[in-house]
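First the structure, then my questions, so here it is.
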Amino acid sequence: MSHSLTHRLRAQSWQVNKRTYVPLDEVPDAIKLARRAHHDGRYEEAIALVEGEVGKPSGEAALTVKGLALFGLGEFEAADRQFQSARDLARQAERESGSEAEKSYFQHRLSVGFANEATSKISQKNYEQAWPLAKEALGADDQWHLPYVVMLSVERRREHWDAIKNILGDMSSRWPQWQQDEHFQERLYNDTDLAGVSRMLNGAQGELQ
């Protein structure tokens, strides 16, 4: 791997770790350890830890962590395949869910899968594919930060400022808790893709409330 590519991937590390999400409730220790390894940049170790979990009930979480690790290594196409497989498992689990709580949980996991692949497409500068994935993430679960972050990132990179205003207005309507959500606030003020969006949001805050 060239020095310039290594530097670029390291520079992306904050975004990789902060803009993807794998909840650690009710997953095996191997996946928890893999998530920590991914967070620390030990991507090969993370992949090795989850290989044995892919075919088990926790396979969706394992595929997600493997995808994140491959993303960290710059293997974007391989990462996308993991995210797609994770979505397939989440969709199947949603269809088979026996309660509204289970259905809601797997809808969220489906949203995670779409948001992760959208983030990967953004890193590949493939904004045309990132956008519909972000919309799918929002459609699956519009009550958390990442679909909005991804959509804002796409339009920020394309410098579609009117579209950003529309996203912010839609976010305020769908998800009024954005002002209290620490994950959204952290990304808003630290994610380089969202430079300028925070100022725009603050300027329109009275209008959006």
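The values are calculated or read from the model by the stated rules, or taken from the named source; none is laboratory data. Just so it is clear, the structure is predicted and the values come from calculations on it, not from any experiment. Don't worry about glycine lacking a Cβ; one is built from the backbone with ideal geometry, like all the others, and counts go over all protein chains shown.
In this structure, is Leu9 farther than 22 Å from Pro147 by Cβ and either assigned by TED's automatic domain parsing to the domain that holds Leu146 or at pLDDT below 95 (or both)? Break it down into steps so the answer makes sense when it comes.
Details: farther than 22 Å from Pro147 by Cβ: yes; either assigned by TED's automatic domain parsing to the domain that holds Leu146 or at pLDDT below 95 (or both): yes.
Yes.
Of these, Leu70, Leu33, which one is at pLDDT 95 or above, out of contact with any Ser or Thr (no Cβ under 8 Å at 6 or more places or on another chain) and in a helix (DSSP H, G or I)?
One residue alone meets the criteria, Leu70.
Still on this model: Filter the range 154-202 down to residues that are more than 18 Å from Ala115 (Cα to Cα) and either touching a residue at least 60 places away in the same chain (Cβ under 8 Å) or of a type in the set (Val, Ile, Thr) (or both) and give me whichever is surrounded by the most Cβ atoms within 10 Å (Cβ to Cβ).
Only one residue fits best here, namely Val197.
Turning to a different aspect of this structure: Which condition does Arg91 not pass, out of (1) on the phi > 0 side of the Ramachandran plot; (2) assigned to a helix (DSSP H, G or I); (3) among the charged types (D, E, K, R), if it passes all the others?
(1)
While we're looking at this one, here's another question. If you scan the range 13-30, which residues turn out to be part of a helix (DSSP H, G or I), surrounded by fewer than 18 Cβ atoms within 10 Å (Cβ to Cβ) and modelled with pLDDT of 55 or more?
Matches in the range 13-30: Asp29 only.
List the pairs whose first member sits in the range 55-73 and is farther than 15 Å from Asn116 by Cα, whose second member is among the acidic types (Asp, Glu) and at pLDDT below 90, and whose Cβ atoms are under 9 Å apart, counting only residues at least 6 apart or on separate chains?
What qualifies is Ser58/Glu26; Gly59/Glu53.
Next question. Of all residues in the range 108-152, how many are in contact (Cβ under 8 Å) with a residue 60 or more places away in the chain and of a type in the set (S, T, N, Q)?
Count: 3.
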